[in-house]
Amino acid sequence: MSNFLNIDPKIRFIVLHKDAKWSVKRISQLLKKSESTVRDWVSKVDAGINILEMQAGRGRNSTISPERKAKVVRTTRRKPLRSTTRSLGSQYEMSKDTANRTLKSKKFKYQKVKQEVYISDQVKTDRKKFCKNMLKRRAEPLEEIFFSDEIGINLTEAERTKGWGGPRKKLKAEKPKKDVRVNCWGAISQNGATSLEIWTGTLDGPLYQDIVTSHISEMEDLYPGGFIFQHDNYGAHKYAEPELKGHGLNIVKFPSYSPDLSPIENLWGALKERVKKDNPKTKKKLIKSLETHWEELTTVEALEPYFENLYGKYKQYIEIRGDLLS
């Protein structure tokens, strides 16, 4: 028995598993290996993989051929998002640690995926055209436009998730008794903004039509000589366009998939952060927080940075032919 204990653990495992038919738990206890390691050996041996050829541990020379390592690298280059060290190890008969070391030796890094939106050449052309139109005549159109949009926010989204806690004391926060979702619509310009419209339920064409028409007088007060109105290509928006044009709105053609061309997108982010700090627990408090911070964020002085940045941003978009900024 003492001689058996001096044999390579993987050889002992093969004897115990294949010949003695021991259970995973019993082998794990005898070899002093974790059950997950033993199960990994079981799956490989049962699949016909020779685990004795795999690197046994640190400080030992790898018995994996350069050809197999090259295959690991080629597969990863070809399928970077689908290649995991576990799947590569299983495919090329090596441990996941060996696959990991192989990739790192070739300067591969396991990194976060950057999500990118694909936009067609036609959309790029539309984006470039929109930016040019906004900057013509010394950027006067940009000074006369209302950017509009909607957001939805839940009470649970308005909760604080971090805070300062004392030693050995966990932070706790009271959850809302009932989660509530409200929707907001607003429009901003260099001269100011409309009031914030808040409602619950789904936005459809007729409701959107009513919302915008009820705020036209506010926009006219800020631009007595006329203004341009922007909204995106959401279905409810397109439905309402004939009626809105009948009310005298001059609606600019806005390119698809282009929230980055509208400064109100950044304003929504700032609004949500302000509401989180208030940490409202009821629908009434959520609405009050939204209205209060909307007024604070949409003064002419507060809106100025959002529009100042647009000039440079639109020029950049024109230079890169409507493509997304990296």
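Within the P(r) computed for the chain, what percentage of the Cα pairs occupies the region above 34 Å? In whole percent, the long-distance tail amounts to 53. Counting Lys and Arg as +1 and Asp and Glu as -1 over every other residue whose Cβ lies under 13 Å from the Cβ of Ser23, the net charge comes to +3.
From least to most packed, judged by other beta carbons within 10 angstrom and beginning with the fewest, Val113, Val15, Val182 follow the order Val113, Val15, Val182. Taking the number of Cβ atoms within 10 Å of each Cβ as an exposure proxy, the fewest-first ranking of Met134, Met94 is Met134, Met94. For Leu249, neighbours were defined as the other residues whose beta-carbon sits under 11 Å from its Cβ, and their charges (Lys and Arg +1, Asp and Glu -1) total -2. Size of region 2-105: Rg and Dmax of its alpha carbons, in Å, are 14.9, 49.
Cα centroids of region 184-221 and region 83-123: 47 Å apart. Beta bridges from DSSP with both residues in the chain: antiparallel share about 70 percent, rounded to the nearest 5. For a straight C-alpha distance cut-off of 18 angstrom, the lysines reachable from Lys238 (same-chain residues fewer than eight places away being disregarded) are Lys253.
Under 23 Å of direct C-alpha separation, and excluding same-chain neighbours fewer than eight residues apart, Lys104 reaches these lysines: Lys69, Lys71, Lys79, Lys96, Lys112, Lys114. Assuming R0 = 35 Å, can you tell me the calculated FRET efficiency for the pair Glu241 and Tyr118, based on Cβ-Cβ distance, to the nearest 0.05? For R0 = 35 Å, the calculated efficiency reads 0.85. Neighbour counts of C-beta atoms inside 10 Å place Ile27, Ile11 in the sequence Ile11, Ile27, starting with the fewest. Label positions at Glu35 and Asn266, each projected 7 Å from the Cα along the C-beta direction, are separated by 5.5 nm.
Laboratory data are not the source of any read-out in this text; all were calculated from the coordinates shown. Since this is a predicted model, take the numbers as computed values, not measurements. All Cβ positions, even for glycine, are placed from backbone atoms using ideal geometry, and neighbour counts span all protein chains on display.
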